[in-house]
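Remarks on the structure that follows.
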């Protein structure tokens, strides 16, 4: 991979409420807000919580977003069917569908390692006990499921649950994960006896995406997708979930990005990353480190979109994670917020 030369960051003036508080404190003779640990503090020493809104001179779309509002309202069970009240999930990939159906409160345990729940699903699902791939009988009894949702890839977890002898009369259902966001939701909806509600959620999402595209005249905007991982930089094609949602909204893509597969970004094809607007994302800290080198390089900054401050950063987990309607709504909201915005912070 070509290492892009870095350009010195151009200075910008930034003012935050926290900084103003420190200035005011100093003006009246109180102690400074800084500290030996490098944290920003109020005059009484309390740590000031701040939200990062820019990275490498690029605005972050949805910075500080409240993920507690990701999950949708509860849905009704299909007529004449049993409504599961206590659900155990063996694969975190199924959680987006449960979130979209408003079934988060019914999830009582996840047979996965702690930290396996994507952040975008919010604190409610993050707080669900993660009882490991091979949970003990006590943890299963505490969850007391009446429904266990599993996938073919987590059959061992399901076997471990069964081996505890603590499932009782709980119904077990295997859901096949899919790269098709509609199929993913409808599979979870069927397993939870909510087929009607699942189709309604699909229809609602399509209707809103279509409306947003019409209102924002999305077809007249060409948008590029560039993703940075710890090992590579990519110009994305049409197969990623974020690209699928953009297509549903009606956003146009540059000609080199109208094929399914992503291609490595190099100095030779840098121009293929250009568009009216570029959305960049970073996979983990390694992706951030790699991306920072690229977006501050002369080659990148000489493109049209960076020149006109039309580069924005989006959440990698949401845009490039497993397709799901809960994540899809966040992407649509990103587009509503930013399609006609810029990365200028001045």
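The values are calculated or read from the model by the stated rules, or taken from the named source; none is laboratory data. Here the structure is a predicted model, which is why all the values come from computation and not from measurement. Positions of Cβ are backbone-derived with ideal geometry, glycine not excepted, and every protein chain shown enters the neighbour counts.
Quick one: which of 227, 214, 194 is at pLDDT 95 or above and closer than 28 Å to residue 111 by Cα?
194
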message = If residue 282 meets every condition in (1) under 30 Å from residue 92 (Cα atoms); (2) exposed (fewer than 15 other Cβ atoms within 10 Å of the Cβ) apart from one, which number is that one?
response = (2)
query = In this structure, is residue 275 at pLDDT 95 or above, assigned to a loop (DSSP other than H, G, I, E, B), farther than 26 Å from residue 122 by Cβ and in contact with a strand residue (DSSP E or B) (Cβ under 7 Å, 6 or more places away or on another chain)?
reply = yes
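Yes/no per residue for (1) in the same structural domain as residue 325 (by TED's automatic domain parsing); (2) without any contact (Cβ under 8 Å) to a residue 24 or more places away in the chain; (3) surrounded by 18 or more Cβ atoms within 10 Å (Cβ to Cβ):
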{"site": "70", "(1), (2), (3)": "no, no, yes"}
{"site": "75", "(1), (2), (3)": "no, no, yes"}
{"site": "81", "(1), (2), (3)": "no, no, no"}
{"site": "91", "(1), (2), (3)": "no, no, yes"}
{"site": "106", "(1), (2), (3)": "no, yes, yes"}
{"site": "113", "(1), (2), (3)": "no, yes, no"}
note = Those residues of region 220-256 that are over 25 Å from residue 208 (Cβ atoms) and either in a loop (DSSP other than H, G, I, E, B) or not assigned by TED's automatic domain parsing to the domain that holds residue 314 (or both) come to a total of 5
request  = Taking only region 123-138 into account, find how many residues are in contact (Cβ under 8 Å) with a residue 24 or more places away in the chain and part of a strand (DSSP E or B).
outcome  = 0
task = Tell me which of these residue 232 doesn't satisfy, since it passes every other one: (1) closer than 25 Å to residue 83 by Cβ; (2) touching a strand residue (DSSP E or B) at 6+ places or on another chain (Cβ under 9 Å); (3) touching a residue at least 40 places away in the same chain (Cβ under 8 Å).
result = (1)
note = Residues in region 139-198 that are surrounded by 15 or more Cβ atoms within 10 Å (Cβ to Cβ), part of a helix (DSSP H, G or I) and in contact with a strand residue (DSSP E or B) (Cβ under 8 Å, 6 or more places away or on another chain) total 8
request  = Tell me which of these residue 281 doesn't satisfy, since it passes every other one: (1) touching a helix residue (DSSP H, G or I) at 6+ places or on another chain (Cβ under 7 Å); (2) at pLDDT 95 or above; (3) in a loop (DSSP other than H, G, I, E, B).
outcome  = (3)
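Based on what the data block shows, is residue 259 part of a loop (DSSP other than H, G, I, E, B) and touching a residue at least 24 places away in the same chain (Cβ under 8 Å)?
Details: part of a loop (DSSP other than H, G, I, E, B): yes; touching a residue at least 24 places away in the same chain (Cβ under 8 Å): no.
No, not satisfied.
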key: Test: residue 268 is over 17 Å from residue 238 (Cβ atoms), in the same structural domain as residue 235 (by TED's automatic domain parsing) and part of a loop (DSSP other than H, G, I, E, B)   = yes
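Residue under question is residue 164, and the condition is that it be at pLDDT below 95 and either under 24 Å from the mean Cα position of the chain (by Cα) or not assigned by TED's automatic domain parsing to the domain that holds residue 318 (or both); does it hold?
On the way: at pLDDT below 95: yes; either under 24 Å from the mean Cα position of the chain (by Cα) or not assigned by TED's automatic domain parsing to the domain that holds residue 318 (or both): yes.
Yes, satisfied.
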Complete set of residues in region 285-315 that are in contact with a strand residue (DSSP E or B) (Cβ under 7 Å, 6 or more places away or on another chain) and surrounded by fewer than 20 Cβ atoms within 10 Å (Cβ to Cβ) = 288, 293, 297
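Look at residue 97 and say whether it is surrounded by 16 or more Cβ atoms within 10 Å (Cβ to Cβ) and not assigned by TED's automatic domain parsing to the domain that holds residue 331.
On the way: surrounded by 16 or more Cβ atoms within 10 Å (Cβ to Cβ): yes; not assigned by TED's automatic domain parsing to the domain that holds residue 331: yes.
Answer is yes for this residue.
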ask   = How about region 161-185: which of its residues are under 15 Å from residue 111 (Cα atoms) and without any contact (Cβ under 8 Å) to a residue 40 or more places away in the chain?
value = 162, 163, 164, 166, 167, 172, 173, 174
